[in-house]
Amino acid sequence: MTLLTFRFAPSPNGELHLGHAYSALLNRQMAARAGGRLLLRIEDIDITRCTPEFEAGIFRDLEWLGFEWEEPVRRQSEHFSEYRAVLDRLIAEELVYPAFMSRGEIRAFIAETEKRGRDWPRDPDGVPRYPPLDKALPTKERRRRIAENKPFAWRLDIEAAMARVPGALSWVEFTDETMAATHTVDATPQAWGDVIVARRDIPTSYHLAVVVDDALQGVSHVVRGQDLYAATSVQRLLQDLLGRPAPRYLHHRLILGSDGRKLSKSFKDTGLAALRQAGVSPQDVVRLIGL
Ligand code: GLU
């Protein structure tokens, strides 16, 4: 029998809060009940926002909470060459294209279009979809811009990608943390338009690194917040394009602040370090998050 494998994958770009505690401890609980493995992955591809101090804070907070993870911990920033190799494959298969437009240019294009009375489509995060101009650039023009060192990101050609995957795209979602029942969710990656697969400064994006790592680490069960539900569509598509297996998913409820809004890394009062300093115990945290 193969062991079920769970993972908690925080980004060290801020302090952990009660929402992270819920996600980490739910993963621990589900792994323990299933007799499965529990991994910790540090998602620090954003080298400008992630810091060693925040990473040290994550380890401190997780130890305090009693989250027990397997060594070694995978730190994404140490694996850029692996993501690069996968990106090269997508480039060779013409599933991605260089996207040159700056934020200002995108804004101007959309403002111009909307002035003519047409609402520009937004992605599930509410961000305007990438305009189709760069996708239509002739190869010669692409080469010229690259030779001129014009900065660019790699974006997925969503139409080409959808045409490449045969049949319907879906994933298996658990109904709750008991894993007693599942349902099938249709993936709708088109809603995102041409997503970024590699940013200007690094050879990957959140989606690409997650897909590569979940497969590489044999993650069978992805348990993460409801806020990433729509992102799963993109990740399912990348898994199919790259021939990676699809894990099963549970997108759990979010812990909300007293104002009813999603917690953010800047809400000091729900930060785990601040709670600890105020004398709150790990048992109190478990009660606070209702686990
Ligand atoms: N690193 C992501 C975050 O901190 C989580 C990614 C995932 O669980 O797939 O929001």
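Table for the structure above
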item	result
Residue-span extension gain [Ala181 to Arg49] - 0.36 nm each, minus C-alpha spacing	43.7 nm
Max mean-square fluctuation residue, GNM over the chain, Cα-Cα springs under 10 Å, options Ile110, Ile58, Ile45	Ile110
Share of pairwise Cα separations in segment 8-164, more than 19 Å, in percent	69
Gaussian network model of the chain, Cα within-10 Å springs - most flexible of Val211, Val86, Val280	Val280
Ranked by how many other beta carbons lie within 10 Å on average, peptides 216-229, 64-77, 12-25 from highest	12-25, 216-229, 64-77
Options His251, Gly66, Gln235, ranked by Cα towards positive dipole end of the chain, top entry (Cβ charges)	Gln235
Among Ala56, Phe152, Leu39 - extreme Cα towards positive end, dipole of the chain, charges at beta-carbon	Phe152
Area projected by the alpha carbon convex hull of segment 142-291, averaged over all directions, nm²	12.7
Charge dipole magnitude, Cβ of K and R +1, D and E -1 - segment 162-239, Cα centre, debye nearest 20	320
Value at 222 nm in deg cm²/dmol, rounded to 500, when DSSP H runs of n ≥ 4 in the chain each add -39,500 (n - 2.57)	-11000 deg cm²/dmol
Unit charges on C-beta of K, R, D, E only; dipole of segment 181-291, Debye	260
Cβ crowding within 10 Å averaged over residues, with 92-99, 173-180 ranked highest first	92-99, 173-180
Net dipole in debye of segment 1-159 [+1 Lys, Arg Cβ; -1 Asp, Glu Cβ; about Cα centre; nearest 20]	620
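Any read-out appearing in this document is the output of simple, stated calculations on the displayed coordinates, not a laboratory observation. In this text the structure is predicted, and so the values were computed from the model without any measurement. When we count neighbours, we look across all protein chains shown, and the Cβ atoms used for this are built from the backbone with ideal geometry, even at glycine.
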